[in-house]
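Colleague: Supplied in C-alpha coordinates, the structure appears directly below.
The values are calculated or read from the model by the stated rules, or taken from the named source; none is laboratory data. Here the structure is a predicted model, which means the values were calculated and not measured. Positions of Cβ are backbone-derived with ideal geometry, glycine not excepted, and every protein chain shown enters the neighbour counts. We work out accessible area using only protein heavy atoms, side chains counted, and drop any ligands, DNA or RNA first. Shrake-Rupley method; radii C 1.70, N 1.55, O 1.52, S 1.80 Å.
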Amino acid sequence: MARAPEVRLREVEDADLEVFLAQEHDPEAARRSRFPPRERERFLRHWRTNVLGAPGVFVRAVTVDGRLAGNVVAWWDGERRFLGYWLGREFWGRGVGTRAVALFLERERHRPLHADPHVGNVGSVRLLERLGFREAGREGEGDEAHVLLVLDGEE
(Lines give C-alpha, C1' and ligand atoms only; values in the text may rest on other atoms or scores of the structure.)
Protein backbone atom coordinates (compact mmCIF):
# COMPACT_ATOMS: atom_id res chain seq x y z
CA MET A 1 0.00 0.00 0.00
CA ALA A 2 1.44 3.35 -1.05
CA ARG A 3 1.78 5.95 1.67
CA ALA A 4 -0.19 9.17 1.40
CA PRO A 5 1.83 12.14 0.18
CA GLU A 6 2.95 14.59 2.86
CA VAL A 7 1.12 17.85 2.13
CA ARG A 8 2.32 20.99 3.88
CA LEU A 9 1.82 24.73 3.62
CA ARG A 10 4.57 27.33 3.85
CA GLU A 11 5.11 30.98 3.03
CA VAL A 12 5.47 31.80 -0.66
CA GLU A 13 9.01 32.61 -1.77
CA ASP A 14 9.80 34.78 -4.77
CA ALA A 15 11.38 31.79 -6.55
CA ASP A 16 8.00 29.98 -6.33
CA LEU A 17 6.48 32.45 -8.78
CA GLU A 18 8.22 30.87 -11.79
CA VAL A 19 6.62 27.52 -10.93
CA PHE A 20 3.22 29.18 -10.46
CA LEU A 21 3.63 30.88 -13.84
CA ALA A 22 4.40 27.56 -15.55
CA GLN A 23 1.37 25.98 -13.85
CA GLU A 24 -0.88 28.80 -15.07
CA HIS A 25 0.38 28.19 -18.62
CA ASP A 26 -0.51 24.49 -18.56
CA PRO A 27 -3.14 24.24 -21.33
CA GLU A 28 -5.35 21.74 -19.48
CA ALA A 29 -5.30 23.82 -16.29
CA ALA A 30 -6.22 26.95 -18.26
CA ARG A 31 -9.04 25.06 -20.00
CA ARG A 32 -10.50 23.70 -16.76
CA SER A 33 -10.23 26.94 -14.84
CA ARG A 34 -11.30 29.15 -17.76
CA PHE A 35 -8.55 31.48 -16.62
CA PRO A 36 -6.41 32.82 -19.47
CA PRO A 37 -2.67 32.60 -18.78
CA ARG A 38 -0.95 35.96 -18.33
CA GLU A 39 2.34 36.95 -19.90
CA ARG A 40 5.30 36.66 -17.55
CA GLU A 41 5.78 40.30 -16.50
CA ARG A 42 2.07 40.86 -15.92
CA PHE A 43 1.87 37.64 -13.89
CA LEU A 44 4.89 38.54 -11.73
CA ARG A 45 3.66 42.10 -11.20
CA HIS A 46 0.23 40.80 -10.14
CA TRP A 47 1.71 38.33 -7.67
CA ARG A 48 4.25 40.72 -6.19
CA THR A 49 1.81 43.63 -5.89
CA ASN A 50 -1.71 42.22 -5.55
CA VAL A 51 -1.00 38.97 -3.74
CA LEU A 52 2.26 39.11 -1.79
CA GLY A 53 2.20 42.89 -1.32
CA ALA A 54 -1.45 43.47 -0.53
CA PRO A 55 -2.94 43.79 2.95
CA GLY A 56 -5.79 41.40 3.58
CA VAL A 57 -4.43 38.68 1.29
CA PHE A 58 -3.44 35.41 2.93
CA VAL A 59 -1.47 33.03 0.71
CA ARG A 60 0.48 29.83 1.22
CA ALA A 61 2.58 27.65 -1.03
CA VAL A 62 1.61 23.98 -1.09
CA THR A 63 4.36 21.36 -0.94
CA VAL A 64 4.07 17.63 -1.45
CA ASP A 65 6.89 15.53 -0.03
CA GLY A 66 8.97 18.71 -0.05
CA ARG A 67 8.24 19.61 -3.70
CA LEU A 68 6.40 22.80 -4.62
CA ALA A 69 2.94 21.79 -5.84
CA GLY A 70 0.95 25.04 -6.01
CA ASN A 71 -0.74 27.62 -3.83
CA VAL A 72 -3.86 28.52 -1.87
CA VAL A 73 -4.95 32.12 -1.40
CA ALA A 74 -7.74 34.13 0.25
CA TRP A 75 -8.52 37.74 -0.69
CA TRP A 76 -11.21 40.39 -0.41
CA ASP A 77 -13.42 41.31 -3.36
CA GLY A 78 -15.59 44.11 -2.04
CA GLU A 79 -17.43 42.80 1.00
CA ARG A 80 -16.83 39.12 0.16
CA ARG A 81 -13.76 37.04 1.03
CA PHE A 82 -12.76 34.51 -1.63
CA LEU A 83 -10.61 31.41 -1.68
CA GLY A 84 -8.70 30.15 -4.68
CA TYR A 85 -6.06 27.54 -5.29
CA TRP A 86 -3.89 26.23 -8.10
CA LEU A 87 -1.97 22.98 -8.28
CA GLY A 88 0.36 21.64 -10.92
CA ARG A 89 -1.24 18.91 -13.02
CA GLU A 90 1.08 16.20 -11.68
CA PHE A 91 -0.58 16.69 -8.27
CA TRP A 92 -4.20 16.34 -9.45
CA GLY A 93 -6.30 13.37 -8.41
CA ARG A 94 -4.14 12.36 -5.45
CA GLY A 95 -6.00 14.11 -2.61
CA VAL A 96 -3.40 16.88 -2.50
CA GLY A 97 -5.87 19.68 -3.17
CA THR A 98 -8.30 18.48 -0.52
CA ARG A 99 -5.55 18.18 2.09
CA ALA A 100 -3.96 21.53 1.16
CA VAL A 101 -7.23 23.47 1.25
CA ALA A 102 -8.23 21.76 4.53
CA LEU A 103 -4.91 22.84 6.08
CA PHE A 104 -5.41 26.36 4.72
CA LEU A 105 -8.93 26.55 6.18
CA GLU A 106 -7.50 25.78 9.62
CA ARG A 107 -5.60 29.08 9.37
CA GLU A 108 -8.02 31.16 7.27
CA ARG A 109 -10.87 31.54 9.74
CA HIS A 110 -13.01 34.19 8.04
CA ARG A 111 -16.53 33.04 7.28
CA PRO A 112 -18.43 33.21 5.09
CA LEU A 113 -15.74 32.32 2.58
CA HIS A 114 -16.58 32.19 -1.13
CA ALA A 115 -15.16 30.29 -4.09
CA ASP A 116 -16.19 30.48 -7.73
CA PRO A 117 -14.74 27.65 -9.82
CA HIS A 118 -15.73 27.30 -13.45
CA VAL A 119 -18.86 25.17 -13.77
CA GLY A 120 -16.95 22.65 -15.92
CA ASN A 121 -14.24 22.19 -13.30
CA VAL A 122 -16.13 19.36 -11.61
CA GLY A 123 -13.11 18.18 -9.60
CA SER A 124 -12.68 21.59 -8.00
CA VAL A 125 -16.38 21.92 -7.23
CA ARG A 126 -16.39 18.47 -5.59
CA LEU A 127 -13.25 19.23 -3.59
CA LEU A 128 -14.80 22.39 -2.16
CA GLU A 129 -18.09 20.64 -1.41
CA ARG A 130 -16.21 17.88 0.47
CA LEU A 131 -14.76 20.61 2.67
CA GLY A 132 -18.16 22.06 3.55
CA PHE A 133 -18.76 24.65 0.82
CA ARG A 134 -22.34 24.71 -0.47
CA GLU A 135 -23.62 25.96 -3.80
CA ALA A 136 -25.14 29.42 -3.51
CA GLY A 137 -25.85 30.05 -7.18
CA ARG A 138 -24.24 30.56 -10.55
CA GLU A 139 -22.56 33.56 -12.06
CA GLY A 140 -22.29 34.05 -15.80
CA GLU A 141 -23.89 31.98 -18.53
CA GLY A 142 -23.10 29.04 -20.78
CA ASP A 143 -19.41 28.27 -21.22
CA GLU A 144 -18.48 31.20 -18.99
CA ALA A 145 -20.58 30.17 -15.98
CA HIS A 146 -19.00 29.82 -12.55
CA VAL A 147 -20.45 28.05 -9.52
CA LEU A 148 -20.63 30.32 -6.48
CA LEU A 149 -19.81 28.24 -3.40
CA VAL A 150 -19.94 29.46 0.20
CA LEU A 151 -18.42 28.09 3.39
CA ASP A 152 -20.47 29.35 6.31
CA GLY A 153 -19.57 29.26 9.97
CA GLU A 154 -18.01 31.30 12.68
CA GLU A 155 -14.91 33.44 12.32
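Colleague: If you restrict to DSSP beta bridges whose two residues both lie in segment 23-155, what percentage is antiparallel, to the nearest 5?
Modeller: 90
Colleague: Binned at 5 Å from 0, what are the whole-percent values of the Cα-Cα distance distribution for segment 61-121, short to long?
Modeller: So the P(r) values, bin by bin, are 4, 17, 28, 23, 17, 9, 3, 0.
Colleague: With every protein chain present, what is the per residue accessible area of the chain (1.4 Å probe, Å²)?
Modeller: With the other protein chains kept in place, the chain gives 56 Å² per residue.
Colleague: Which net charge results when you count Lys and Arg as +1 and Asp and Glu as -1 among the other residues whose beta-carbon is under 13 Å from that of GLU28?
Modeller: +1
Colleague: List the residues, sorted by chain then number, that are 5 or more residues from ARG81 or on another chain and whose placed amide H is less than 5 Å from its amide H.
Modeller: The list, which skips near neighbours in sequence, is HIS114.
Colleague: So how much slack lies between ASP143 and LEU103, counting 0.36 nm per residue of separation and subtracting their Cα-Cα distance, in nm?
Modeller: Between ASP143 and LEU103, full extension yields 11.3 nm more.
Colleague: While we're on this one: Binning every alpha carbon pair distance of the chain at 5 Å from zero, what are the percents per bin?
Modeller: 2, 9, 18, 22, 23, 18, 7, 2, 0, 0
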